[in-house]
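Quick notes on the structure that follows.
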Amino acid sequence: MTSKKIGFIGLGLIGGSIAKAIRQYYPEYDIIAFDKNKESLALAVQEGTIHTACSSIDDNFRGCTYIFLCAPVNYNAAYLSQLKSLIDSDCILTDVGSVKTSIHKEVIRLGMEESFIGGHPMAGSEKSGFMNSKAHLIENAYYILTPTAKVAKEKVSAYKEFVTSLKALPVILDYNEHDIITGTISHLPHIIASTLVNFVHDTDTADGLMKALAAGGFKDITRIASSSPVMWQQICLKNGENISHILGHYIEALTQAKEQIDAENETALYSMFEDSRDYRNSMPNSSAGPIKKQFALYCDIIDEAGGIATIATILASNHISIKNIGIIHNREFEEGVLRIEFYDEDSAANASKLLQKYRYVIYEV
Ligand SMILES: NC(=O)C1=CN([C@@H]2O[C@H](COP(=O)(O)OP(=O)(O)OC[C@H]3O[C@@H](n4cnc5c(N)ncnc54)[C@H](O)[C@@H]3O)[C@@H](O)[C@H]2O)C=CC1
Ligand SMILES: O=C(O)C(=O)Cc1ccc(O)cc1
């Protein structure tokens, strides 16, 4: 296998996760990175994810097979001009930004279309930073590619194959269409989550009862309100036109709901909840969606010191890796149960069998 050099500009949640996936599947590749956060770079070198921490976008980036732009969207576009003189004709320049039209316009303006294939992994979370990055993050997730009109078909095929080899699912889209679709299914929900959280903050009682009583439903639909403010500020600025248009339609939908409530329109209100339930339930629960399928099981544990450690030891000694573990309390599990999340379906199934053998009560929801 030939060793290749891959460059990263921005090594946070997404850049770090892709770099870790490359390290896992291509241990011989040379990975270099520049990030304004020196601590992230030092950690990445220390963990063996990257070989070279660059202090700027310098000559180290010459000779890269792929360069990934993984900073917030404004910065990705701003770095293109610096890269122009560093890349050769074989290099595939790509990004992971949540908005595509703005970076494509800059690529066209700079005459870099032959090198650029836009990218957007539909995976991630409200967390940010290299310390939260994981090699598994993009596994089984759709990975949108937006090639320019002038990039060679061979480059697109090679890049598609590379994305597939990292266990993601490439999907080719036009960059304008991308921004309308993600504006609706990703940018709008983030705005709804943030405005809803701020609305509760602003209208809460003096003793903070709303905050204290907020239940599972509120928390389910507002998880993403904890996302990076700089990232979302830049997404809103760069996809502003689409988002404004989509928000306008969404406000009409809210107004309609208000009218149905004011008119006590029983049929319309029932239909609203029936339609949403049916459509939501028809969405594939497989991992091929913006939010990856979670492979979790729930387990009753004896409320005593060391209970979690015992389970973790049983699983670890059977080579089953835990992705996440924690006690949850909600209406479904009033007493509180241990939720254990795994990286894949097989691990969850094996863990369930194993723990039942040890007489644990397991719920698979
Ligand atoms: N967070 C998510 O779930 C997803 C994010 N994206 C996109 O990925 C990109 C990165 O997002 P995350 O990794 O989540 O954010 P992050 O905040 O975890 O990482 C961004 C990294 O870029 C670095 N950075 C910021 N400004 C920089 C600059 N001027 N020069 C060099 N480095 C700089 C930061 O230090 C940080 O390490 C964004 O463009 C975002 O739109 C795409 C898919 C999912
Ligand atoms: O955490 C979630 O559910 C997300 O929606 C993550 C996310 C954030 C930004 C993107 O461009 C894509 C995915």
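The values are calculated or read from the model by the stated rules, or taken from the named source; none is laboratory data. Computed from a predicted structure; not experimentally measured. Here the Cβ positions follow ideal geometry from the backbone for every residue, glycine too, while neighbour counts run over all protein chains shown.
Go through (1) assigned to a loop (DSSP other than H, G, I, E, B); (2) more than 27 Å from Arg23 (Cβ to Cβ); (3) within 24 Å of the chain's Cα centre (by Cα) one by one and return the number of the condition Lys150 breaks.
(3)
With respect to Ile92, determine if the residue is at pLDDT 95 or above and within 21 Å of the chain's Cα centre (by Cα).
Considered against the rule, which asks whether it is at pLDDT 95 or above and within 21 Å of the chain's Cα centre (by Cα), Ile92 comes out as no.
Report yes if some residue within the range 81-92 is within 14 Å of ligand 1 (Cβ to nearest atom) and out of contact with any helix residue (DSSP H, G or I) (no Cβ under 8 Å at 6 or more places or on another chain); otherwise report no.
yes
What's the total number of residues in the range 54-79 that are within 18 Å of Ile14 (Cβ to Cβ) and among the small types (Gly, Ala, Ser)?
So the answer is 3.
Would you please name the residue that is nearest to Val151 (Cα to Cα), looking only at residues in the range 116-127 that are within 10 Å of ligand 2 (Cβ to nearest atom) and either part of a strand (DSSP E or B) or of a type outside the set (A, V, I, L, M) (or both)? Reasoning before the result, please.
We begin by selecting, within the range 116-127, every residue within 10 Å of ligand 2 (Cβ to nearest atom); these are 120-127.
From what's left, either part of a strand (DSSP E or B) or of a type outside the set (A, V, I, L, M) (or both): 120-121, 124-127.
Values: His120: 17, Pro121: 20, Gly124: 27, Ser125: 31, Glu126: 33, Lys127: 33 Å.
That would be His120.
Conditions (1) out of contact with any Ser or Thr (no Cβ under 8 Å at 6 or more places or on another chain); (2) over 25 Å from Pro27 (Cα atoms), marked per residue:
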site: Leu93; (1), (2): no, no
site: Val96; (1), (2): yes, no
site: Arg109; (1), (2): yes, yes
site: Glu113; (1), (2): no, yes
site: His120; (1), (2): no, no
site: Asn132; (1), (2): no, no
site: Leu166; (1), (2): yes, no
site: Val171; (1), (2): yes, yes
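Could you list, in sequence order, all residues of the range 250-269 that are among the small types (Gly, Ala, Ser), surrounded by fewer than 11 Cβ atoms within 10 Å (Cβ to Cβ) and within 25 Å of Leu188 (Cα to Cα)?
Initial filter on the range 250-269 (among the small types (Gly, Ala, Ser)): 253, 257, 263, 268.
Of the ones still in play, those that are also surrounded by fewer than 11 Cβ atoms within 10 Å (Cβ to Cβ) are 253, 263.
Correct list: Ala253 only.
Which ones in the range 103-127 are within 12 Å of ligand 1 (Cβ to nearest atom) and surrounded by fewer than 20 Cβ atoms within 10 Å (Cβ to Cβ)?
Correct list: Ser125, Glu126, Lys127.
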